[in-house]
Structures are given as structure tokens and as C-alpha cells.
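Accompanying notes for the structure given below.
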Amino acid sequence: MQSVFEQNLERLVQKYDQPGPRYTSYPTVPVWSSGSFGREYKEALNAEGDQERGISIYIHIPFCRTLCTFCGCNKVITRDNELVERYLKALEQETASVANQLGRRKALSQLHLGGGTPTFLNLDQLTRVTEMLRRHFDIDPGGEWALEANPRVTTGEQLKGLFELGFRRVSFGIQDMDSKVQEAINRKQTAEQSQAAFQVSKKIKYQSINFDLVYGLPLQTRSKFRRTLDAVSKMRPDRLAVYSFAHLPWMFKAHERALRQEDLPSAQEKIGLYLDTVRHFTGEGYVMIGMDHFALPDDELALALKNRTLHRNFMGYTTLHGLAQIGLGVSAISDFGDSYWQNPKNLSEYMEQVSDPKPQRGMKLDPDDQLRREVIERLMCHGEIRFDEFGQNDFDFREYFQEIWKPYEEFAKDGLVLIEPDRIKLTESGHLFMRNLAMPFDRYLQSSSSPRFSQTV
């Protein structure tokens, strides 16, 4: 029998399940301008070069051996090592150009390798990537180096070599340990492979090991996913990211061709999967971070949540703030605080212009953009918005955001938020609809039925 909470939740799902952004940025990528932003990007780099702060670098490695049909990342399916070599040369050219435009050697305080599959590269190639960074930047000895890894292709030799190169954080794509689900998404990754990658990383003494899980995949059921949760919690990784599957057949042909709608869990079933996940990991002692992350109580993310120093960017939840993020590689995104830039998404186009980088999308944020971004970030990081944390002394939060109160009164009636004199606070149910709660602050969101975004539930 359903509890009163679950019965009410079913009603809320029917009401609020609609397309909406995930808000890894604000304004969101679809509203950025398209064009050729070579001059504007150089000006942003020049300005960043004048800053004393260090930088964060994200490098996109797009290559994969096989296509995982659930994936929405920018990837290239290949086994052509010559293509990989040409890409590495392009990366080296882009890095040199960016460093030159900065005008001074900057401290590299954070590095993240994402994909695709970064460990598609062999150890010699991965070493080249780090060497090119060392040529152009001063390595912060207290910096954070992290990478994404696929247990199916990542070897113990690679993990050991990467540790010796300076990487201390690794994130493994697990998704689901059920063989039928794995087969449905063309992944075919065994539980033994996932366990072996984890054990080797522990033995090497990586400081932080993260697992990525996905709920809402084809053929997933609550009973089968609970077995995955049990297996994962027995290994006890330091962090977990548990993402809702974004089914976007109009954007990704693989979703359209390989995934059958009838195999996907309903919105109500997805909420059940999510609730099981939250209850399981919090019951195992993990702290829930934002809407989709979990961390052990002594982890930096959990401590940042407690201290209200948690932040959110394109790489998820983070403890680092105030660093300009420079994106290198095809489709990579740069975030300079007051502007966003995205490299060409097509591999050939990217490699043709790396000696003189020209992002294909960009946006300069005005003061209103920056304020709304901060509000949305506080909501999604801390589950509340404290009015006195925004603007100057004479800033009237209620007056400035007049447009949000009508939808927020409805949210309050539905038990998603508590509206208090000095703040808005999310309830337990509200955390499940965090994306919906951010949307009234988005002045670019033309229609909640826009097909540009995945469903919020």
C-alpha cells in the first residue's frame, strides 16, 4: 500500500513533469548566441590573464570504442589511432594559443578530463596531455586533478600511471549493474569489471573515488535497481552521482533508433527509483548533496554543504569557486564568471581552427544574469534562498523578483516550499522538483513545453 507521501507524490509528478533545464549553467546553453567569437574570446582571456587567481581547465576527450545508446555527451566512436594523434596535436595547439593569449603563466588549480572516454588514450598519450599543461602553466601543488574512467577499458597500469602524473580523483561510469539493463544500453559492463576498477583505485590510494549511476534507463525496475544500490554501497565509494536519464530522441539519433519508449520507466516509476536511491544511500550514512549527488560525511562536498560553500558548475557540484574555467577540446565550455564560450562541436571544424581558437557559441552575462545565476545556484546547492545574501543593503528581493511569487505560491500550496519572511526553503518533496523550482527565476525560459530540455522528472 502506498504511503500518503507517495500518493501525493504521484499527483505532483503528473502536475510538474515537464521539460526543463538542469541548470549546470545560467543562462542555459540553448540561449547562448551562435557565431564566431574569436575576438571576444581573446578579450576574455586577456582579462583573465590580469587576474591573480588560478584557473581550472577542462579537457574533452571525445573518443569511445563503442556507442552507449543512453549517452548524450559529445563523442566520436572510433578505433583510429591516427585520428587520436591528430586530435592530441590540435589540443597542444589550442593550449599554446590560449596560454599565449592569457599573457602570463597562470597557476593550474584544477584539472578535469572528461569525455567520451579519457582512458581511451593510452598512458603515453595521457602523459603528453599533462606535459603540455606543465609547459604552459604553473601546477598548483594543492590543486585538484580528476578524470572520468570507463571500467571496461581502463587498466590498472593506466590508473597507476595517472596517479603518478598527479591525478587523485577518479569517477567511474557504472550506470547500472544489471546485465539486462547494460545490454539494453549497449554497454555490457560486468559487475566484476566495476568492482575490479574500484579495488585497484583503492589500492593505489586515490583520494576520492566516485561512481556515476543513472536511473530511468530501459528495463530498469525498482527491485533490480535496489540490487545495484546494494552492490555499490558494499564497495562504499567516496562519492556518488545519480543522474536522471535524459531521453532526448529529437537530439540524439541513438536514443531514437536504439531505445524503445515502452522499455523506459514511467515518470512515476522514475520517482520511485529516485526515492529508493535517496533512502538507500542516506540510510548507509551518505550525505545528500543537491539534487543528485551523495558523499561520505567527511568528504569535502559534505563539509562544503554544511559550511554553505558548495557550488555548482558544468562538472557538477564542487567545492572550488571563483576560478575561471577554460575548456580545451571539441565542444568544451569555458566559464569566466561574466561570460560563457563553447568550442565547435564538430571534430573536423574544431581541429581546423585550433591555432586561432574561435568558439562557436558564447554569451556575455549582464548583472541581472549574474544575480539570477547566483540565486539558482543557492537553491540547487543548499535547498534554500536567503534573501539577505543577495544585492546591496537596500536590495529588495521580493520586489526585484516579482514574477516568481505567483508560481511560488502554487509550489507552497503543493508542499514543495516554505515561504518565510527572510527565505524560501525547500521541503523533502521540493528536492524532487528542484529543476521546476529554479525555472521561475529563468527569464529566458520562453515555454515550459520547449523540446530543448529533458523532462524534470
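The values are calculated or read from the model by the stated rules, or taken from the named source; none is laboratory data. As the structure is a computational prediction, the values presented were derived from the model and not from experiment. When we count neighbours, we look across all protein chains shown, and the Cβ atoms used for this are built from the backbone with ideal geometry, even at glycine.
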Problem - Members of the range 124-153 that are outside any strand (DSSP E or B), under 20 Å from Ser201 (Cα atoms) and either touching a Lys or Arg at 6+ places or on another chain (Cβ under 6 Å) or charged (D, E, K, R) (or both) - result: Asp124, Arg152
Completion exercise
Residues of the range 71-105 being within 30 Å of Val181 (Cα to Cα), surrounded by 15 or more Cβ atoms within 10 Å (Cβ to Cβ) and free of Cβ contacts under 8 Å to residues at least 60 places away in the same chain, in sequence order, are Cys73, Lys75, Thr78
Problem - Residue list for the range 192-227, restricted to those being outside any helix (DSSP H, G or I), over 20 Å from the mean Cα position of the chain (by Cα) and buried (at least 20 other Cβ atoms within 10 Å of the Cβ) - result: Tyr206, Pro218, Gln220
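Going by the conditions given, is Thr78 modelled with pLDDT of 90 or more, over 30 Å from Arg104 (Cα atoms) and of a type in the set (Val, Ile, Thr)? Before you say what the answer is, go through the steps one by one.
Values: modelled with pLDDT of 90 or more: yes; over 30 Å from Arg104 (Cα atoms): yes; of a type in the set (Val, Ile, Thr): yes.
So Thr78 passes the test.
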Completion exercise
Output for Cβ contacts, cut-off 7 Å, separation at least six or different chains, first residue farther than 12 Å from Gln220 by Cα in the range 257-277, second acidic (Asp, Glu), reads Ala267/Asp17; Gln268/Glu10
Practice task
Pull up the range 115-148, narrow it to residues that are under 22 Å from the mean Cα position of the chain (by Cα) and either over 15 Å from His60 (Cβ atoms) or outside the structural domain of Ser97 (by TED's automatic domain parsing) (or both), then point me to the one that is surrounded by the fewest Cβ atoms within 10 Å (Cβ to Cβ).
Solution key: Gly143
Exercise for the section: Please state which of the following conditions Ala412 fails to meet, knowing it meets all the rest: (1) in a helix (DSSP H, G or I); (2) surrounded by 15 or more Cβ atoms within 10 Å (Cβ to Cβ); (3) touching a residue at least 12 places away in the same chain (Cβ under 8 Å). Expected result: (3)
Problem - Spans of helices (runs of 4 or more DSSP H) in the range 298-396 with at least 3 residues closer than 26 Å to Asp238 by Cα - result: 300-307, 367-382
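Filter the range 278-330 for residues that are of a type in the set (Gly, Ala, Ser) and in contact (Cβ under 8 Å) with a residue 60 or more places away in the chain and give the result.
Passing the criteria: Gly290, Gly316, Gly322, Ala324, Gly327, Gly329.
Residue by residue through the range 87-113, note down the ones that are touching a Gly at 6+ places or on another chain (Cβ under 9 Å), under 12 Å from Ile57 (Cα atoms) and of a type in the set (Gly, Ala, Ser). Full working, then the answer.
Residues of the range 87-113 that are touching a Gly at 6+ places or on another chain (Cβ under 9 Å), as a first pass: 87, 90-91, 94, 101-104, 106-111.
Keeping just the survivors that are under 12 Å from Ile57 (Cα atoms) gives 106-111.
Those that are touching a Gly at 6+ places or on another chain (Cβ under 9 Å), under 12 Å from Ile57 (Cα atoms) and of a type in the set (Gly, Ala, Ser): Ala107, Ser109.
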Problem - the range 179-191: number of residues that are outside any helix (DSSP H, G or I), charged (D, E, K, R) and surrounded by fewer than 20 Cβ atoms within 10 Å (Cβ to Cβ) - result: 1
Handout entry: Exclusive hit being of a type outside the set (D, E, K, R) and without any contact (Cβ under 8 Å) to a residue 40 or more places away in the chain, set Gly156, Gly143, Gly114, Gly161
Key = Gly161
Practice task
Go over the candidates Leu240, Leu275, Leu301 one by one and state the one that is closer than 30 Å to Arg11 by Cβ, surrounded by 21 or more Cβ atoms within 10 Å (Cβ to Cβ) and aliphatic (A, V, I, L, M).
Solution key: Leu240
Handout entry: Leading residue by the ranking (nearest to the chain's Cα centre (by Cα)) among those in the range 281-319 that are among the charged types (D, E, K, R) and within 26 Å of Gln342 (Cα to Cα)
Key = Arg312
Completion exercise
When restricted to Gly283, Gly322, Gly329, the only residue assigned by TED's automatic domain parsing to the domain that holds Thr28, of a type in the set (Gly, Ala, Ser) and closer than 20 Å to Leu432 by Cα is Gly283
Exercise for the section: Give the residues of the range 51-87 that are touching a helix residue (DSSP H, G or I) at 6+ places or on another chain (Cβ under 6 Å) and either in a helix (DSSP H, G or I) or among the aromatic types (Phe, Trp, Tyr) (or both), sorted by residue number. Expected result: Phe63
